[in-house]
Amino acid sequence: MSSGRLETFTAFWPLYLGEHSLPSTRWMHFVGSWVALLSVVTALVTRTPWYLVGALVSGYGFAWVSHFFMERNRPATFTYPLWSFVADWKMWALMMTGRLNDELARHGVTPRLRAGQPT
C-alpha cells in the first residue's frame, strides 16, 4: 500500500515545477541560489565559515518569502528536503541555460491564479 509519498525524483519534478508556477517565485529562487552559491565560494576562499550561514539564510530566505507571499503555497522543502534542494539547482541550471520555459511547457505548468486576481 502506498504512503502517498512520491517515490522518485522523476515523479517529484513535475510537482516541484507546479509549486513554482509564478515567474516571480522562480526568480526569487534564482537570486537566492546565486547569493547562496557566492556565499559558499566566499566561505571557501576566505576560510570564514560564517558565510555558510549566509548561504543558508539567503538560499532558503528568498525561496520561502516567494512561496509564502507570492505563490502562497507551502515550500516542498518541508516534505521533500533533499529532492527540493536538488530541484532548486536543476531549476537554476535550466534558467541559466534558457531551457526552463520549455521544461515548464513540457509539464503543462502555467502561472496559477489566486482568488481575486484578474484573469
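The values are calculated or read from the model by the stated rules, or taken from the named source; none is laboratory data. Since the structure is predicted, the reported quantities are computational estimates derived from the model, not experimental observations. We place every Cβ from the backbone using ideal geometry, glycine too, and count neighbours over all the protein chains shown. Side chains are part of the model used for accessible areas, which takes the heavy atoms of the whole protein and leaves out ligands, DNA and RNA. Shrake-Rupley method; radii C 1.70, N 1.55, O 1.52, S 1.80 Å.
Mind checking which helices in the chain clear 18 Å along their axis (Cα) and have mean Kyte-Doolittle hydropathy of 0.5 or more, DSSP H runs only? Before the final figure, lay out each step's value.
Numbers: long enough: 23-46 (34 Å, 1.03); 50-65 (22 Å, 1.26); 81-96 (22 Å, 0.71).
Going by DSSP H runs, the hits are 23-46, 50-65, 81-96.
Computed over the chain, the P(r) tail beyond 26 angstrom holds 24 percent of alpha carbon pairs. The loop-placed trypsin sites (Lys or Arg not before Pro) in segment 1-68, going by DSSP, that have at most 13 neighbouring Cβ atoms within 10 Å of their Cβ come out as R5, R47.
With contacts taken as Cα pairs under 8 Å at a separation of at least 6 residues, the chain carries a relative contact order of 32 percent. Along segment 70-78 the Karplus relation, 6.51 cos²θ - 1.76 cosθ + 1.60 evaluated at θ = phi - 60°, assigns HN-Hα couplings of 10, 6, 6, 9, 8, x, 5, 4, 5 Hz to successive residues, with x for each Gly and Pro. The helix-based estimate of mean residue ellipticity at 222 nm for the chain, built from -39,500 (n - 2.57) per DSSP H run of four or more residues and divided by its residue count, is -20000 deg cm²/dmol to the nearest 500.
Using the 1.4 Å probe convention, the accessible area of the chain works out to 63 Å² per residue with neighbouring protein chains retained.
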